[in-house]
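Chemist: Pasting a structure here, questions to come.
The values are calculated or read from the model by the stated rules, or taken from the named source; none is laboratory data. It should be emphasised that the depicted structure is a prediction, and the values quoted were computed from it without experimental measurement. Cβ placement follows ideal geometry from the backbone for every residue including glycine, while neighbour counts extend to all protein chains displayed. Just the protein is used for accessible areas: all its heavy atoms, side chains included, with ligands, DNA and RNA removed. Shrake-Rupley method; radii C 1.70, N 1.55, O 1.52, S 1.80 Å.
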Amino acid sequence: MITVAQALEHLFTLTKPMDVEEIPLRAAAGRILARDVSAQRTQPPFAASSMDGYAMRRAEVEPDAMFKVVGESAAGHRYTGTLNAGQAVRIFTGAPVPEGADFVVIQEDVTRRGDLITLGHKIGEKDNIRPAGGDFTQGQTVSSPLRLRPADIALLAAMNIATVPVYRKPVVAIMATGDELVQPGEVPGPDQIIASNTYGLAAQLDALGAETRLMPIARDNAPSLQRAFELAQGSDLIITIGGASVGDHDLVAPVAAQMGMEQAFYKVAMRPGKPLMAGHLGTSAMVGLPGNPVSALVCGTIFVAPMISAMLGLGQHAAPRRRAPLAVDIPANGPREHYMRAVVSEGAVTPSDRQDSSLLTVLATANALLVRPPSAPAGTSGTLVEIIDL
């Protein structure tokens with residue numbers, strides 16, 4: 001068996017960043033920016049009023065001063081003249097400041113009668129003008145790699161960037177194996193269960209930016225597995241779930257080997273998830289996950305998610321960890337690294353008292369994995385431990 005860190009190293013060697021494609025800005029939310037992009041214009045492109053009021057010369061602003069209103073400047077419709085002494089222009093938020101003006105008095109500080117305005121007694125020092133380029137200037141860059149959030153999309157739109165270079169979504173074929181499985185919505189036989197792992201893993205990887213494809217369930221015989229592998233050809237990553245152990249019905253490894261898989265490793269010193277396998281099958285990376293539901297999804301978090309991030313150009317990084325105090329005492333750990341389902345509440349960690357790798361209800365109520373090193377001693381309440389947020 002190899003360690004979790006060694007397994008992750010091997011998995012990273014199986015991956016490479018995807019090609020870059022140009023897509024419309026409208027479709028770019030959540031995608032990974034692959035190259036730096038530069039603003040095509042300055043924002044704002046002109047000095048603009050930040051308030052509704054009157055534009056005038058700062059030097060003429062004083063209590064009870066009177067001005068003649070000679071025009072109006074609105075968003076999209078600037079005042080085209082030049083402001084002279086004793087004149088003011090009615091101006092609205094976002095409108096260009098007229099030439100000759102360098103101060104906006106807000107409308108609440110002005111009394112207007114016809115075309116004449118009189119200033120009040122308490123005019124603030126703030127000029128209420130947004131300078132040209134106050135947000136960004138032409139040529140300013142947005143750096144890659146970057147997962148594009150709504151605010152990033154808005155910024156790119158303001159920069160007049162209509163198409164965006166992003167990493168192609170890695171195509172992931174997910175294959176459940178086993179005679180005992182049927183799809184959700186089907187009626188299981190007396191010895192069958194519903195396939196759940198593929199759906200949970202697909203949801204996890206879709207959220208990270210992969211394009212997942214669920215293969216038909218492969219039965220516990222060589223022809224069915226061969227057909228499933230053939231259908232998965234051309235994917236960037238093939239994930240099998242179940243059948244990766246060494247029992248009489250665990251045929252994934254021998255069938256994959258017959259089809260040319262070059263195995264990188266088999267078995268990892270961890271709980272849950274020991275029977276993990278990985279290698280290359282043709283042009284595809286391949287990962288064989290354990291069949292127990294919790295094992296498959298924990299391995300998805302620890303191994304597959306970092307692979308997807310690396311394929312999306314985000315670098316080779318393990319799942320992020322942080323430290324938090326235990327809320328309860330816990331016993332010593334065994335010889336394998338243990339990823340315990342846990343709940344973080346009010347800043348403290350409580351592992352579930354049920355850690356069986358078949359219990360999806362425990363995983364569904366957990367919001368963290370408590371990471372216990374091999375042979376870790378018993379921990380007391382308040383001891384800092386490492387966790388991975390779910």
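Chemist: Can you tell me which residue in the range 255-276 is least open to solvent (accessible area, probe 1.4 Å), limited to those that are assigned to a loop (DSSP other than H, G, I, E, B) and of a type in the set (A, V, I, L, M)?
Modeler: Among residues in the range 255-276 that are assigned to a loop (DSSP other than H, G, I, E, B) and of a type in the set (A, V, I, L, M), the one least open to solvent (accessible area, probe 1.4 Å) is L276.
Chemist: Here is a further query. Which of the residues that make up the range 123-180 are of a type in the set (S, T, N, Q) and open to solvent by 30 Å² or more (accessible area, probe 1.4 Å)?
Modeler: Residues satisfying the conditions are T137, Q138, Q140, T141, S143, S144, N160, T163.
Chemist: With the structure loaded, tell me whether V172 is part of a strand (DSSP E or B) and under 21 Å from V304 (Cβ atoms) or whether it fails that test.
Modeler: yes
Chemist: Mind checking which residues of the range 313-326 are open to solvent by 20 Å² or more (accessible area, probe 1.4 Å) and either part of a strand (DSSP E or B) or out of contact with any Pro (no Cβ under 9 Å at 6 or more places or on another chain) (or both)?
Modeler: P320, R321, R322, R323, P325, listed by residue number.
Chemist: Looking only at the range 175-191, which residues are part of a loop (DSSP other than H, G, I, E, B) and in contact (Cβ under 8 Å) with a residue 24 or more places away in the chain?
Modeler: G178, D179, Q183
Chemist: Can you say whether T212 is in contact with a helix residue (DSSP H, G or I) (Cβ under 8 Å, 6 or more places away or on another chain) and under 29 Å from A319 (Cα atoms), as far as the supplied structure shows?
Modeler: Yes.
Chemist: Suppose the filter is touching a His at 6+ places or on another chain (Cβ under 7 Å), open to solvent by 30 Å² or more (accessible area, probe 1.4 Å) and at pLDDT below 90; does D191 pass it?
Modeler: no
Chemist: Restricting the search to the range 344-386, which residues are assigned to a loop (DSSP other than H, G, I, E, B), over 30 Å from I194 (Cα atoms), open to solvent by 30 Å² or more (accessible area, probe 1.4 Å) and touching a residue at least 40 places away in the same chain (Cβ under 8 Å)?
Modeler: Within the range 344-386, P373, P374, S375, P377, A378, T380, S381, G382, T383 meet the criteria.
Chemist: If you go through the range 91-114 one residue at a time, do you hit one that is in contact with a strand residue (DSSP E or B) (Cβ under 7 Å, 6 or more places away or on another chain) and within 30 Å of G313 (Cβ to Cβ)?
Modeler: Within the range 91-114, not a single residue is in contact with a strand residue (DSSP E or B) (Cβ under 7 Å, 6 or more places away or on another chain) and within 30 Å of G313 (Cβ to Cβ).
Chemist: Checking L297 against (1) assigned to a loop (DSSP other than H, G, I, E, B); (2) open to solvent by 20 Å² or more (accessible area, probe 1.4 Å); (3) among the hydrophobic types (A, V, I, L, M, F, W, C), which single condition isn't satisfied?
Modeler: Failing condition for L297: (1).
Chemist: OK, next. Residues that are of a type in the set (A, V, I, L, M, F, W, C), under 29 Å from M307 (Cα atoms) and open to solvent by 50 Å² or more (accessible area, probe 1.4 Å), at least 3 per element: which strands (runs of 3 or more DSSP E) completely within the range 7-97 meet that?
Modeler: none
Chemist: Is it the case that the range 111-129 has a residue that's closer than 30 Å to M159 by Cα, at pLDDT 95 or above and in a loop (DSSP other than H, G, I, E, B)?
Modeler: yes
Chemist: While we're here: For the range 194-232, how many residues are buried (at least 20 other Cβ atoms within 10 Å of the Cβ), among the polar types (S, T, N, Q) and touching a residue at least 60 places away in the same chain (Cβ under 8 Å)?
Modeler: So the count comes out to 1.
Chemist: Restricting attention to the range 294-349, report how many residues are out of contact with any His (no Cβ under 7 Å at 6 or more places or on another chain) and within 28 Å of K16 (Cα to Cα).
Modeler: So the count comes out to 29.
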